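**Q** Pasting in a structure now, in structure tokens, and then I'll have a few things to ask.
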Protein chains: 2
Amino acid sequence: MSDAFSFRLSTTDGAARAGEITTPHGRIATPAFMPVGTQAAMKAVTWRDVRESGAEIVLANTYHLMLRPGAERIAALGGLHAFTQWDGPILTDSGGFQVMSLANLRKVEEDAVTFRSHVDGTPIALSPERAIEIQSLLGSDIAMQLDECLALPSSVPDIERAMQLSLRWAERCKRAFDHARGRALFGIVQGGDIPGLRIESARALADIGFDGYAIGGLAVGEPQQVMLRIVDEVAGHLPADHPRYLMGVGTPEDLLEAVARGMDMFDCVLPTRNGRHGMAFTRFGPINLRNARHADDPRPLDAASRCPAAREFARAYLHHLVRAEETLGAMLLSTINLYYYQDLMRGMRAAITMHRFNDFCAETRQGWAAGDLAPP
Amino acid sequence: MSDAFSFRLSTTDGAARAGEITTPHGRIATPAFMPVGTQAAMKAVTWRDVRESGAEIVLANTYHLMLRPGAERIAALGGLHAFTQWDGPILTDSGGFQVMSLANLRKVEEDAVTFRSHVDGTPIALSPERAIEIQSLLGSDIAMQLDECLALPSSVPDIERAMQLSLRWAERCKRAFDHARGRALFGIVQGGDIPGLRIESARALADIGFDGYAIGGLAVGEPQQVMLRIVDEVAGHLPADHPRYLMGVGTPEDLLEAVARGMDMFDCVLPTRNGRHGMAFTRFGPINLRNARHADDPRPLDAASRCPAAREFARAYLHHLVRAEETLGAMLLSTINLYYYQDLMRGMRAAITMHRFNDFCAETRQGWAAGDLAPP
């Protein structure tokens, strides 16, 4: 345990921002990408490889952990850091998003959302106060308020009702939250694809006052343009001296676009999920290793990568592992993708610092557009 | 590439032997355990962890690799070492065992065994000459003769016919084999559970002359006592100045017993297979991490282990990973088991060198019998 949570903005380049977050478990250079260790484990990647990929913070899912192994159990074992042996910063979500997407028989009421566990059917009530208590038991460095997140498209009245409920829950979360041990609490902007509701939500959250501000309820089925328009509208209404977190985003292209609009933090399962499905993110664009064109290709995925697996293994070997359904294929490709995401963020941070963010984006897109190496 | 294959016996303690094998890709202290990377990949373990576990040689399965990605393809990519980036010694089996256990519509004839691939139904003929050619294409350091391996129990006439056929195939394999680049060829003793046939097979193989001698056709369903009786009968008939390899064996207890009877090399899928099923091999005996008694246990599996995962993670965390079906659970437990097997072999080698092998076996069994730590 070291310092309490703080954020320092060091450089801006247009709307893009470079800065640094301090947490009780270490510092995070921003813009930052947080790999997702849903059940207190990164899927098919060791914590050593997560660290070596350059990740400085990871996300864990409150919904999954409250169901199994249970927040009180993790607390008795010393919290998520002791449990996982990941000693860097951890952000936990509130559980709200997964309650909406995974749980059965859910019912949203003023006091709490009630549902049945998708693991064993146990009935559970998750109130704003309980969401905060659980995250405190988990011992995350950054906790999120409980919110109601709707899929898009939804009707305007539904979106407004969920936004207003999320604001009332934001206040209750703030009252329930204890900043002891330097921990931080973020509020979440809701309001669907309606700019006016989004701005109302952002202003009200800033009035309540949080350590950071997230935009939630995007990347839930809407086109990228809709998402970016909302980020455009909202970012300017979020306090500039606090980190801004775009939840559940996204593709490498989404990350460029969102950083360009002033967002600082991101999380997404794409690098590990796509790795498990045979797909590698590279500076040549995404590459499907299942494709037969790799079967005889002795070249590495990217000889200039910082990732040993991307440099050392032949594409033919990765192709074989994917086709043969060897777990090692998922392990290597997930690791390769975690490195790629971190390198993309590192590139953006360096470019912002040098006031050449637009050039960096153009060069990066040029690499993707040029496409993969020609067959040997 | 360095030296040609050779074997040096350094110490004996009773029938137990300590020695060293030299291969073109490095040395192997014996008795040695070879982890099994069936499809040119260790299941759920990176090559780095295989190496750090202490393994000095690995086994790859010719049957699987000839079907996918194909031996000619691997040869074009530079052989198994370049393909996998495992730069230590590799032993390949002949494919015979898996043809018997996995392939469809197989037919054993004098010239070859014909079968259909279990992957895509392709009809394939595997002759002794083709088995040698494939292993040469794969570029393994140690190749195995093609043999016919029967499940036990089988009738005496069947066992004798398969043993005699395996001897004729042994001769053809030796004629076809090219020792270029320092590679070695091992013969395989067959003869089921009939001591007389086993001894006949061993003597005939020694007359043909191989770089090493394996006992095949055990660990195929017979009781441990039957297996050990055969090893007892056969080992003394195998040339003392060549390595002796007991194929497909076994449990830690099997390894103690077989080393006590003069065997030098072993392979088995148990460490990785059981790791995938939530089971850890430890000096306290096997431990089933799925068991609820571990759910709240903050203690590591074995604080004195050389394996970081066995020292650093709480049993409660390993239990959670197994219950939540996280790939990381299989990865960590498989790695823990590979370390345990290597440490067991290391302990046996040291004990033989100090002429206290029997004491070592007694102490090891005492640890297993004392059982796991009491609940906290």
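The values are calculated or read from the model by the stated rules, or taken from the named source; none is laboratory data. What you see is a predicted model, and the numbers here were worked out from it, not measured in a lab. Positions of Cβ are generated from backbone atoms using ideal geometry, with glycine treated the same way; all protein chains shown enter the neighbour counts.
**Q** Is it fair to say B:Thr251 is within 14 Å of chain A (Cβ to nearest Cβ) and of a type in the set (S, T, N, Q)?
**A** Details: within 14 Å of chain A (Cβ to nearest Cβ): no; of a type in the set (S, T, N, Q): yes.
Answer is no for this residue.
**Q** I need a count of the residues in the range B:191-217 that are within 18 Å of the chain's Cα centre (by Cα) and either on the phi > 0 side of the Ramachandran plot or modelled with pLDDT under 95 (or both). If you could, list the steps in order and put the result at the bottom.
**A** Our first condition is that a residue be within 18 Å of the chain's Cα centre (by Cα); within the range B:191-217, this holds for B:211-217.
Still in the list and also either on the phi > 0 side of the Ramachandran plot or modelled with pLDDT under 95 (or both): B:217.
Qualifying residue count for the region: 1.
**Q** Also, quick follow-up: Which of the residues that make up the range A:272-309 are assigned to a helix (DSSP H, G or I), within 14 Å of chain B (Cβ to nearest Cβ) and under 23 Å from the mean Cα position of the chain (by Cα)? Spell out the reasoning first.
**A** First, pick out the residues of the range A:272-309 that are assigned to a helix (DSSP H, G or I): A:272-276, A:292-294, A:308-309.
So of that shortlist, the ones also within 14 Å of chain B (Cβ to nearest Cβ) come out as A:272-273, A:275-276, A:292-294, A:308-309.
Result: A:Thr272, A:Arg273, A:Gly275, A:Arg276.
**Q** Which is surrounded by 20 or more Cβ atoms within 10 Å (Cβ to Cβ) and more than 24 Å from A:Gly209 (Cβ to Cβ), of A:Thr122, A:Thr84? Walk me through how you get there before you give the answer.
**A** Working: A:Thr122 fails: surrounded by 20 or more Cβ atoms within 10 Å (Cβ to Cβ).
The conditions single out A:Thr84.
**Q** Please list, ordered by first then second residue, the pairs with beta carbon atoms under 8 Å, 6 or more apart or interchain, first in the range B:322-350 and surrounded by 24 or more Cβ atoms within 10 Å (Cβ to Cβ), second among the aromatic types (Phe, Trp, Tyr) and part of a helix (DSSP H, G or I).
**A** B:Met348/B:Phe357; B:Met348/B:Phe360
**Q** Among the residues of the range A:233-241, are any more than 30 Å from A:Gly196 (Cβ to Cβ) and touching a residue at least 12 places away in the same chain (Cβ under 8 Å)? Step through it out loud before you land on a result.
**A** First, pick out the residues of the range A:233-241 that are more than 30 Å from A:Gly196 (Cβ to Cβ): none.
No, because not a single residue in the range A:233-241 is more than 30 Å from A:Gly196 (Cβ to Cβ) and touching a residue at least 12 places away in the same chain (Cβ under 8 Å).
**Q** To continue, here is another question. Give the range A:80-99 a look and list any residue that's closer than 19 Å to A:Ala176 by Cα and at pLDDT 95 or above, or say none.
**A** Residues of the range A:80-99 that are closer than 19 Å to A:Ala176 by Cα, as a first pass: A:91-96.
Correct list: A:Leu91, A:Thr92, A:Asp93.
**Q** Out of the residues in the range B:310-321 that are more than 7 Å from chain A (Cβ to nearest Cβ) and not basic (Lys, Arg), state the one that is surrounded by the most Cβ atoms within 10 Å (Cβ to Cβ). Give the steps one after another, and end with the answer.
**A** Going residue by residue through the range B:310-321, those that are more than 7 Å from chain A (Cβ to nearest Cβ) are B:310-311, B:315, B:318-319.
Still in the running and not basic (Lys, Arg): B:310, B:318-319.
Details: B:Ala310: 24, B:Leu318: 26, B:His319: 23.
So, considering only residues that are more than 7 Å from chain A (Cβ to nearest Cβ) and not basic (Lys, Arg), the one surrounded by the most Cβ atoms within 10 Å (Cβ to Cβ) is B:Leu318.
**Q** In the range B:72-87, which residues are assigned to a loop (DSSP other than H, G, I, E, B), more than 10 Å from every other protein chain (Cβ to nearest Cβ) and over 10 Å from B:Ala40 (Cα atoms)?
**A** Scanning the range B:72-87 gives a single hit, B:Asp87.
**Q** Testing A:Asp120 on (1) at pLDDT 95 or above; (2) within 14 Å of chain B (Cβ to nearest Cβ), one condition comes back false. Which one is that?
**A** Tallying (1) at pLDDT 95 or above; (2) within 14 Å of chain B (Cβ to nearest Cβ), A:Asp120 fails exactly one: (1).
**Q** Tell me which residues, restricted to the range B:256-271, are on the phi < 0 side of the Ramachandran plot and part of a loop (DSSP other than H, G, I, E, B).
**A** Within the range B:256-271, B:Arg261, B:Met263, B:Asp264, B:Val269 qualify.
Here is a yes/no grid of residues against (1) at pLDDT below 95; (2) of a type in the set (Gly, Ala, Ser); (3) crowded, with 22+ Cβ neighbours inside 10 Å; (4) under 15 Å from B:Val99 (Cβ atoms):
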| position | (1), (2), (3), (4) |
| --- | --- |
| B:Ser127 | no, yes, no, yes |
| B:Ile142 | no, no, yes, no |
| B:Leu146 | no, no, yes, yes |
| B:Ala151 | yes, yes, no, yes |
| B:Ser154 | yes, yes, no, no |
| B:Leu165 | no, no, no, yes |
| B:Ala170 | no, yes, yes, no |
| B:Ala180 | yes, yes, no, no |
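**Q** Against the condition in contact with a His (Cβ under 9 Å, 6 or more places away or on another chain), crowded, with 24+ Cβ neighbours inside 10 Å, of a type outside the set (Val, Ile, Thr) and within 14 Å of chain A (Cβ to nearest Cβ), how does B:Ala44 come out, does it pass? It would help to see each step written out before you state the result.
**A** On the way: in contact with a His (Cβ under 9 Å, 6 or more places away or on another chain): no; crowded, with 24+ Cβ neighbours inside 10 Å: yes; of a type outside the set (Val, Ile, Thr): yes; within 14 Å of chain A (Cβ to nearest Cβ): yes.
Here the answer is no, as B:Ala44 does not meet what is asked.
**Q** Okay, next question. Looking only at residues that are hydrophobic (A, V, I, L, M, F, W, C) and part of a helix (DSSP H, G or I) in the range A:213-255, which one is surrounded by the fewest Cβ atoms within 10 Å (Cβ to Cβ)?
**A** In the first step, residues of the range A:213-255 are kept if they are hydrophobic (A, V, I, L, M, F, W, C); the result is A:214-215, A:218-220, A:226-228, A:230-231, A:234-235, A:238, A:240, A:246-247, A:249, A:255.
Remaining after also requiring part of a helix (DSSP H, G or I): A:226-228, A:230-231, A:234-235, A:255.
Working: A:Val226: 15, A:Met227: 24, A:Leu228: 17, A:Ile230: 26, A:Val231: 24, A:Val234: 24, A:Ala235: 22, A:Leu255: 22.
So, considering only residues that are hydrophobic (A, V, I, L, M, F, W, C) and part of a helix (DSSP H, G or I), the one surrounded by the fewest Cβ atoms within 10 Å (Cβ to Cβ) is A:Val226.
**Q** Among the listed residues B:Leu137, B:Leu91, identify the single one that is aliphatic (A, V, I, L, M), away from chain A (no Cβ under 12 Å) and buried (at least 24 other Cβ atoms within 10 Å of the Cβ). Even if it seems obvious, please write down each step before you answer.
**A** On the way: B:Leu137 fails: buried (at least 24 other Cβ atoms within 10 Å of the Cβ).
Being aliphatic (A, V, I, L, M), away from chain A (no Cβ under 12 Å) and buried (at least 24 other Cβ atoms within 10 Å of the Cβ) holds for just one of B:Leu137, B:Leu91, which is B:Leu91.
**Q** Moving on to the next point. For the range B:140-164, how many residues are among the small types (Gly, Ala, Ser) and within 18 Å of the chain's Cα centre (by Cα)? Explain how you work it out, then say what you get.
**A** Restricting attention to the range B:140-164, the residues satisfying the condition of being among the small types (Gly, Ala, Ser) are B:140, B:143, B:151, B:154-155, B:162.
If we keep only those that are within 18 Å of the chain's Cα centre (by Cα) too, we end up with B:140, B:143, B:151.
Qualifying residue count for the region: 3.
**Q** Run down A:Ser166, A:Ser155 and say which single residue is among the small types (Gly, Ala, Ser) and without any contact (Cβ under 8 Å) to a residue 12 or more places away in the chain.
**A** The unique qualifying residue is A:Ser155.
**Q** Suppose the filter is aliphatic (A, V, I, L, M), out of contact with any strand residue (DSSP E or B) (no Cβ under 7 Å at 6 or more places or on another chain) and at the interface with chain B (Cβ under 10 Å from one of its Cβ atoms); does A:Ala350 pass it? Steps first, answer last, please.
**A** Details: aliphatic (A, V, I, L, M): yes; out of contact with any strand residue (DSSP E or B) (no Cβ under 7 Å at 6 or more places or on another chain): yes; at the interface with chain B (Cβ under 10 Å from one of its Cβ atoms): no.
No, not satisfied.
**Q** Identify the residue in the range A:47-66 that is β-branched (Val, Ile, Thr) and either farther than 18 Å from A:Thr272 by Cβ or touching a helix residue (DSSP H, G or I) at 6+ places or on another chain (Cβ under 7 Å) (or both) and, among all such residues, is nearest to the other protein chains (Cβ to nearest Cβ). Walk me through it before giving the result.
**A** Our first condition is that a residue be β-branched (Val, Ile, Thr); within the range A:47-66, this holds for A:50, A:57-58, A:62.
Among the residues that remain, those that are also either farther than 18 Å from A:Thr272 by Cβ or touching a helix residue (DSSP H, G or I) at 6+ places or on another chain (Cβ under 7 Å) (or both) are: A:50, A:58, A:62.
Details: A:Val50: 10, A:Val58: 13, A:Thr62: 15 Å.
Ranking the candidates gives A:Val50 first.
**Q** Among the residues that make up the range B:194-205, is at least one of them outside any helix (DSSP H, G or I) and under 27 Å from B:Asn337 (Cα atoms)? Break it down into steps so the answer makes sense when it comes.
**A** Step one: list which residues in the range B:194-205 are outside any helix (DSSP H, G or I), which gives B:194.
Those left that are additionally under 27 Å from B:Asn337 (Cα atoms): none.
No; the residues of the range B:194-205 include none that is outside any helix (DSSP H, G or I) and under 27 Å from B:Asn337 (Cα atoms).
**Q** Could you list, in sequence order, all residues of the range B:67-98 that are free of Cβ contacts under 8 Å to residues at least 40 places away in the same chain and in contact with a helix residue (DSSP H, G or I) (Cβ under 6 Å, 6 or more places away or on another chain)?
**A** B:Pro69, B:Leu77, B:Gln85, B:Gln98
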